[in-house]
Amino acid sequence: MPIAIQRFDQRRFDPEKMQKLNLFETPRFFFDVYCLLPGQAQKPHRHADSDKVYAVAEGEVRVQIGEETALLRAGEAVLAPAGLDHGVDNPGPANAALLVYMAPRP
């Protein structure tokens, strides 16, 4: 199998909803770029058996994990452990892009 190389500086923004650009996916994990315009969000949800990492590549986002919230800036990452509610939103004013890794894949 040849080495699959993907660029993670891809972006696609849509005023209708947050965009998810898949970079890699196997039966065991996925690795995406999430693109959020100001005001867009991924509503809090949970995965019983999967851990998720949000890493900010561009802009700033507010992340909720369990009962806590934090503002993340470009270059920062956070872990959302399995079983905890988690979500992310872009409070603005700039666009935001996140690298998102989850394993095992739900």
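The values are calculated or read from the model by the stated rules, or taken from the named source; none is laboratory data. Everything quoted here is computed from the prediction, not taken from an experiment. Every residue, glycine as well, gets a Cβ built from its backbone with ideal geometry; the counts of neighbours run over all protein chains shown.
Overview of results
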quantity	calculated
Of all residues making up segment 15-28, the number that are exposed (fewer than 14 other Cβ atoms within 10 Å of the Cβ) and either in contact (Cβ under 8 Å) with a residue 12 or more places away in the chain or in a strand (DSSP E or B) (or both)	8
Residue count, segment 18-28 (criterion: under 14 Å from the mean Cα position of the chain (by Cα) and charged (D, E, K, R))	1
Segment 69-97: number of residues that are in a strand (DSSP E or B), in contact (Cβ under 8 Å) with a residue 24 or more places away in the chain and farther than 18 Å from D9 by Cβ	7
Residues of segment 29-50 classified as farther than 14 Å from M18 by Cβ, surrounded by fewer than 17 Cβ atoms within 10 Å (Cβ to Cβ) and either charged (D, E, K, R) or within 13 Å of the chain's Cα centre (by Cα) (or both), total	2
Residue within segment 61-68 that is surrounded by fewer than 17 Cβ atoms within 10 Å (Cβ to Cβ), without any contact (Cβ under 8 Å) to a residue 40 or more places away in the chain, outside any strand (DSSP E or B) and not acidic (D, E) present	yes
Single unsatisfied condition, Y54 versus (1) farther than 30 Å from P2 by Cα; (2) crowded, with 17+ Cβ neighbours inside 10 Å	(1)
Segment 57-84: number of residues that are under 23 Å from A103 (Cβ atoms), under 13 Å from the mean Cα position of the chain (by Cα) and of a type in the set (A, V, I, L, M)	9
The one condition in (1) modelled with pLDDT under 95; (2) part of a strand (DSSP E or B) that R105 fails to fulfil	(2)
